[in-house]
1. At R0 = 30 Å, how high is the FRET efficiency between I96 and Y16 if r is their beta carbon distance? Nearest 0.05 is fine.
2. Could you order F112, F18 so the one with the most accessible surface comes first? Probe is 1.4 Å.
3. At 0.36 nm per residue, minus the direct Cα-Cα distance, what do N260 and N134 gain on full extension? Give it in nm, one decimal, please.
4. Going by amide H atoms built from the backbone, whose H comes under 5 Å of the H on A121, apart from near neighbours?
5. For region 132-141, take each phi angle, set θ = phi - 60°, evaluate the Karplus expression 6.51 cos²θ - 1.76 cosθ + 1.60, and give the result in whole Hz per residue in order, putting x for glycine and proline.
6. Taking 41 Å as R0, compute the FRET efficiency from the Cβ-Cβ separation of R294 and A52 and round it to 0.05.
7. Find the relative contact order for region 74-148 and round it to a whole percent, using C-alpha pairs within less than 8 Å whose residues are 6+ positions apart.
Amino acid sequence: MDPINQNITANKRWTYLFFSFYAIIICVIGYLIGMYYNSPIMGLVFGIIIFAVILLGSYYGGQSVITSMSGGNKVSKEDEPYLYNTVEALSIAAGIPTPKLYMIDTDVPNAFASGRNPKNASITVTTGLVEKLNRLELEGVIAHEMAHIRNYDILIATVAVILAGTFVFLGYMARYSAFGGALRGGNRNGSAGIIFFIIFIVLVLLAPLFAQLLKFAISRKREFLADATGADLTGYPEGLASALEKISTMQKSKSKISNNALNGIYIINPAIGDNNSRFFSTHPTTEERIKRLREMEFIDSKNVTPLNNDTTVYKVGALPDNEKVAENGYLVCEKCGGYYKLQPDESPDDFEQCQCGGKLEYHNTI
């Protein structure tokens, strides 16, 4: 198994552990609330219901909620042909359906992906991203977001954000219930009741902190993986590295896209200018991400190798915006995502394989 797939498998295992931890903590809080009111089973049932509702709600409605919160508007091929051409080409490289595309009207460059799986996903970019990045940099960013979709990070990030918010809500509710019960002379049984009360308050106070730490840990791990996977899709790590350099210097802490609930899902945290410690950061440092990308070794050339010598080579996303269909079709490499437009006198049988060693597949359109 290659390193990227190994990381995907490892991250899935950690995700199950994280979500199990969330479920246990929510159920424990519910159980303790129930004990305080002499009904621990009802409290436990309440905790299970809360966790199930949040999980299902975030699974089926998370994409629309996040898109609405971000202020993104859906765009079509006719609206943004240049951007759509890039997204479609990289979708083929990633082997996933073309995601829906949304755009936020702001000059601050940034992007994020959302949804529950590759068949129900979207990519949201800002107008500033399209205007301020060159083609290779834009491809790097879109490939990074494609990686989040293909690796199922979009579902994990959505659920983690919503569950973290649930912890905060339950913390406030539990504190109110505990102190309210104390003021009313609630159920306390001597020293055991006092000890329980102290444990309960400590748990409630720490639950939001645990939730944030888990969310941040998931986010940092997956950003590194998405960078590596995105670079693998384009075969050109420098494109993404250069984009990260540009984007990180153009963020504004009070911009239109800065939102505490969503900052962690952007490719670069919009509040990057704030003085937060690395331990509490939702992203790895930009310097570390760029360093890792520039240490990666990929074949930059995405050329197909024909049997005849008189050919024109195309790189991923290099087709003109107005050229969607070729009379003779295209050859697409299933390994690196490179594609080649067949000329009138050429046949798919004239080509053995891509220069990267990947198998070539024929497509009528691209």
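1. Details: r = 22 Å, r/R0 = 0.75.
Plugging the Cβ-Cβ distance into 1/(1 + (r/R0)^6) gives 0.85.
2. On the way: F112 0, F18 30 Å².
Ranked from most to least accessible, the order is F18, F112.
3. Working: separation 126, 0.36 × 126 = 45.36 nm, distance 2.89 nm.
Taking N260 through N134 to full extension adds about 42.5 nm, to one decimal.
4. When sequence neighbours closer than 5 places are left aside, the close amide H contacts are K100.
5. For region 132-141, the Karplus curve yields 9, 9, 7, 4, 5, 5, 4, 4, x, 5 Hz.
6. Values: r = 45 Å, r/R0 = 1.09.
Approximately 0.40, to the nearest 0.05.
7. Details: 109 pairs, mean separation 22.3, N = 75.
Over region 74-148, the number comes to 30 percent.
The values are calculated or read from the model by the stated rules, or taken from the named source; none is laboratory data. None of these values were measured; they are calculated from a predicted model. Methodologically, a virtual Cβ is constructed for each residue, glycine included, from the backbone with ideal geometry; neighbour enumeration extends over all protein chains shown. Protein only, heavy atoms only, side chains kept; ligands, DNA and RNA dropped before computing areas. Shrake-Rupley method; radii C 1.70, N 1.55, O 1.52, S 1.80 Å.
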